[in-house]
Structure formats: C-alpha cells, structure tokens
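Have a look at the structure below before the remarks.
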Amino acid sequence: MGGIFHFENKELDMQGHVWDFSKQENPSLVLEGHDSTIKNGIILNANITLGQSNYCSPNFSTKTQCYNIVERNGFIYAKTDTSGKIVERMKLENFKNKGGRFGLYSWDGMISNSRLLLNSSLDISGSKANILTNNIISKAIFIEEDRKQFILSKINKTIFVDQSSQILPDRWHDNVAIPSTLYLKFSPDTVIDGNTFTLTNKNDQAYAIVLDHSPRVRITNNIFNGFKVPILMDQWSSIVDEKGNEIKPQQFTGNGNVINPNKYAGEVTMNRKGEIVKK
C-alpha cells in the first residue's frame, strides 16, 4: 500500500523511528509538498518519492513544463507538478533507506548526511539539487518497465568521464536503460559533494553518476567504489570546478574525487538500526 504524506513549511523529526514495509514488497511511499525537511528516520523496503509523484520535468524542445513557460536565467527548470502545485525545497537529512529506488522531484531539493541502500538508483529530475555527504550503495540495475533500451553511442572517454552525444532517446520524456547509482535529468547547477558511491558487485557497464541534459554540475570530493568509469554525460551537460568554472571532461581529474575501481560492498542489507551489514 505505501502511502502519501503531504508537508508544507514543516519539519518532521522522526527521532530514529523505523517505518518497515517488508510485508508490502517495496510499495511506493510519497513524501510530497514544499519547503519542508524530513530527518532522523529509517525507512525499510519502500520506493520513496521525495517531492511529487506527478512531477513534470521540462521539455527541452518547447521550453515548457506542462504547457507553461519555465525558462529562467537561460535555462528551463521545473518547480510544479502537473496540477500546478509548487514542489520546491524538499529536504532529507540524516536519513536511512533500504528500497528498490529513490526519486527526488523537487526544485532546489536536498539529500544530505544520509545512507541509501538501493537496488536501482537515486533519480533526480528537473531540480537544482544538493547531494551532500551521503553513502549510496546500489546494485545499479535498471527497472525494465520504467526504462527503454537504446544504443548508447560514446564519443569520448577519460579515466573519470564517458561522453555520449545523446543519452535521451528521441522522445524527450523517455528514460534510459543505463545502470547507475545517481541519475540526473534536467537538473542544472546541482552540487554533488562529499558522497561515497559504492556498487555491491562488479558491473563494468554501471556508472556512479549519469548527467542527462544537466549543465553546470559540481562534482567534488566524492569516493567512487567499484566503478570502472564513474561518470557518464551527454553533450547537453557540463561539469564545473569548485569556483564554478566549466571544465572539459578530459580536465576532470581532480576536484578531490577518488576512484577505487576494485572495491565493492558485496551482498549487504540494512538492519533496523539503519546499519549496513553483510548478508
């Protein structure tokens, strides 16, 4: 069953309480609203949406979002759902979650100091997000019913970054069959700093971070465990340094990021204390 919980200008401190959905086989749990913070909780065996389940990412071709003009500062963004409700600044702090996947659909949202154990990925769409000091462990599998397979044509490659001319299929609203731990789509100016991304088992096709139509993303001081090449980006995306200067993929060799390509988590699970333990 899962559920939908609405928050507006609120702070929910779960004080370490556990919501366990083990008997429901990873139901959908929506924590929606705006200008709210949810912190200090543990949620087990649920697919979480932070923001709105009917969130509407922008269309690059028409520069609209759900038929509204949404261009600001030279880039389109998404701040409402399909009914026009504002979905800004939803924040998750000091949280633990075990589930199939996690979605952040809120403009200017944030996930910080949290531990996420996922089968799939943390998906961020249409947001200027801050992803800070989290521990994200994933099998990095893609969900067949949600993603559409297509041929990925790479045009350049470095130790940190693979490039593709296009990640999106022809229709702008389709998702992509790329195994990843963090998938950013239509998310300009996102900051990804101080996180640890870890694959559970070897998968040379998986990426820690995918940038899909997401320019000016700052990726600094992260640790990538188990990834052959951590980042995939398309021609519409770009990376900036700590000063905000755009840099070419082949220049992305520092920024405090570390790759441990042969370090994996193995088969792990999360207990009711939010600790990662071996199966």
Extended-chain gain in nm, criterion 0.36 nm per residue less alpha-carbon gap, Glu242 and Ser22: 75.1 nm
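Output the relative contact order of the stretch 207-279, whole-number percent, from Cα pairs under 8 angstrom with separation of 6+ residues. Intermediate values should be presented prior to the final figure.
Numbers: 123 pairs, mean separation 23.6, N = 73.
Relative contact order of the stretch 207-279: 32 percent.
For the stretch 180-279, compute Rg over Rh where Rg is the Cα radius of gyration and Rh is the Kirkwood radius from the inverse mean 1/r over Cα pairs.
On the way: Rg = 14.4 Å, Rh = 14.3 Å.
My calculation puts Rg/Rh at 1.01.
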Please compute the modelled spin-label separation between Ser153 and Gln166, points set 7 Å along Cα→Cβ, answer in nm with one decimal. 0.8 nm
Once amide hydrogens are built 1.01 Å from N within the peptide plane, the residues lying 5 or more places from Ser121 or on another chain with amide H under 5 Å from its amide H are Phe102
I want to check the label-to-label distance for Gln205 and Ile86. Put each point 7 Å from Cα in the C-beta direction and report it in nm to one decimal. 4.3 nm
Work out, step by step, the length gained on full extension between Asn40 and Glu8: first 0.36 nm times the residue separation, then minus their alpha carbon distance; give nm to one decimal. 9.7 nm
Rounded to the nearest 10 Å², what accessible area does Met233 show when all protein chains are kept and the probe is 1.4 Å? 10 Å²
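The values are calculated or read from the model by the stated rules, or taken from the named source; none is laboratory data. Nothing here was measured: the structure is a model prediction, and the numbers come from that model. With ideal geometry, Cβ positions are generated from the backbone for all residues, glycine too; neighbour counts draw on all protein chains shown. In case anyone asks, the SASA skips ligands and DNA or RNA and just uses the protein heavy atoms, side chains included. Shrake-Rupley method; radii C 1.70, N 1.55, O 1.52, S 1.80 Å.
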